[in-house]
Amino acid sequence: MKRLSVFGATGSIGQSTLDLVRRNKDLYCVKVLTGGRNLDCLVRNALEFRPEFVVTAHDDCYQELNEMLSHTDIKVAAGANGINEAASVQVNWAMSAIVGAAGLEPGLRAMQAGANLALANKESMVAAGPLMRQTSRENDVALLPVDSEHSGVFQALIGEDRKAVERVILTASGGAFRDWSLEEIAAATPEQAATHPNWDMGQRVTIDSASLFNKALEVIEAKELFDLKPKQVEVLVHPQSMIHALVGFQDGGLMAHIGPADMRHAIGFALNYPNRSYLPVERLDLAKIGQFDFSAPDLEKYPALRLAYDVLDLGGFSGAVYNAAKEIALDAFIAHRIGFLDMAKIVEAVLERIFVKNISKENNFCLENILNMDHIGRTYAREEIEKNSKYL
Ligand code: NDP
């Protein structure tokens, strides 16, 4: 039996992962489940899968979780320390599906404990790509992309000569505001941004899809995962979200990965890797779909994407700062403190500050330095929001 941990089990990716595990319970043994505030879901899953260890990310939820599981022999813990302890449990495979930079350390620890890491948490690669790759190498474990685009690239590259790759094209649905004018987007509310036309995802990643911050993170993630140069990563708007990614080779050929907008394909691919097993996802009827549309992304409407390429040029720790500033700006947008387009303005202002201070260039990618830069990004973003009354 494959021993599994699921970090971020109560979220959209975590639940899709457990859906696949539930269908083949004789193949898997769930050892660890972690969640946040959704204790009902965490406990329901704990009673179903009977893991050894269940953790909530929040210390103030510990007592309630402990009481809810007091009639079982499941070990309960809370907080970042609890999640890190759970990440040290030895398993064969771990799903990294915590949202945000909080997913970085558990993912690193899971790899250090010998787990192949299924990586939904793109923030880990954005903030700490070199460290993630080094940890995977040193512990001889696989880093298996779960973002549908990166899973698509990974699949298109199987058996191919990496040196023959000219470019990688990530597709973007265009999010909730694809057909909105710049003026309409400027006035968009968090509620409007949290509705995705094609994918059913958590609130934060859905809003990031509307701003294309999600795609921006994916551009950086692709560069880090596949060791590409900035110019080798392209973005193409494709409203149907069925072509997830394309890989272009030096002979002019393009290999596209096509599939339904259902994360269980990419999750299942990572779960079954290196095998391809049956997955319960829709089979596309291409004749019925009829056509696929494509267009270039509008960088004026989506400055987040332009900034991602600045990050690639800046290098060093700028990915950690970019992601951290984005997380703070997103919090402020969700709290109705800033407008939709202000998110990118804040991140840009933070990037300018680290560029001027020249503090992004250092290359010692240890966890302590990365967390330090994450802290600087958050602090600068909060200062930008506070000092600039136009955002308030
Ligand atoms: P959700 O918001 O649905 O779930 C996030 C999970 O993380 C929940 O279990 C949540 O707990 C937990 N969590 C929240 N904050 C913390 C914290 N500070 N520490 C520990 N755990 C925490 O997100 P998604 O499942 O949509 O996304 C998860 C990751 O996967 C993100 O990085 C996202 O970018 C990526 N991804 C998601 C896709 C999707 O289709 N959803 C597609 C590709 C990538 P609780 O809810 O109990 O509070």
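The values are calculated or read from the model by the stated rules, or taken from the named source; none is laboratory data. From a predicted model like this one, the values you see are computed outputs, not experimental measurements. For neighbour counting, all protein chains shown are included, and Cβ atoms are generated from backbone atoms with ideal geometry for every residue, glycine included. Heads up: the accessible areas ignore ligands, DNA and RNA and are worked out on the full protein's heavy atoms, side chains in. Shrake-Rupley method; radii C 1.70, N 1.55, O 1.52, S 1.80 Å.
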The chain, relative contact order in percent, only Cα pairs under 8 angstrom and at least six apart counted: 14 percent
Global geometry of segment 205-296, whether rounded, prolate or oblate, following the gyration tensor of its Cα atoms and the 1.5 cut on a/c: rounded
Cross-link pairs beyond the 21 Å C-alpha cut-off, checked among K163/K231; K2/K223; K231/K357; K2/K122: K2/K223; K231/K357; K2/K122
Stretchable slack from V356 to T195, in nm (0.36 nm times residue separation minus alpha-carbon distance): 54.3 nm
Restraint check, K301/K326; K25/K326; K215/K345, Cα-Cα greater than 27 Å: K25/K326
Accessible area expressed per residue, segment 96-246, with surrounding protein chains retained (probe 1.4 Å, Å²): 35 Å²
Net +/- balance of residues flanking F213 in space, Cβ distance below 10 Å, scoring K and R +1, D and E -1: 0
Anisotropy class of segment 149-256 from Cα gyration tensor, a/c 1.5 cut: prolate
For the chain, built as a Gaussian network whose Cα springs stay under 10 Å, the top-fluctuating residue of A80, A187, A381: A187
For the chain, size of Cβ-based charge dipole, Lys and Arg +1, Asp and Glu -1, in debye: 600 debye
Per residue, in Å², the accessible surface of segment 273-392 once ligands and nucleic acids are set aside, probe 1.4 Å: 53 Å²
Efficiency of FRET between H336 and T72 - r from beta-carbon atoms, R0 41 angstrom, step 0.05: 0.50
For W93, residues with placed amide H under 5 Å, excluding near neighbours: R3, S5, N116
Percent carbon-and-sulfur accessible area, the chain, ignoring ligands, DNA and RNA, probe 1.4 Å: 48 percent
Mean separation of Cα contacts under 8 Å, 6 or more apart, over the residue count of segment 127-234: relative contact order %: 29 percent
Segment 214-317: GluC sites (Glu not before Pro) in DSSP coil with no more than 15 other Cβ atoms inside 10 Å: E282, E300
In Hz, Karplus ³J(HN,Hα) per residue of segment 236-248 (6.51, -1.76, 1.60; θ = phi - 60°; x = Gly, Pro): 10, 7, 9, x, 6, 6, 10, 7, 8, 6, 9, 10, x
Cα gyration tensor shape of the chain, rounded if a/c is under 1.5, else prolate or oblate by comparing a/b with b/c: rounded
Three principal axis lengths of segment 1-105 [C-alpha, angstrom, descending]: 34, 33, 24
Most mobile of Q63, Q291, Q203 in a GNM of the chain (Cα contacts under 10 Å): Q291
DSSP bridge orientation in the chain - percent antiparallel, rounded to nearest 5: 30 percent
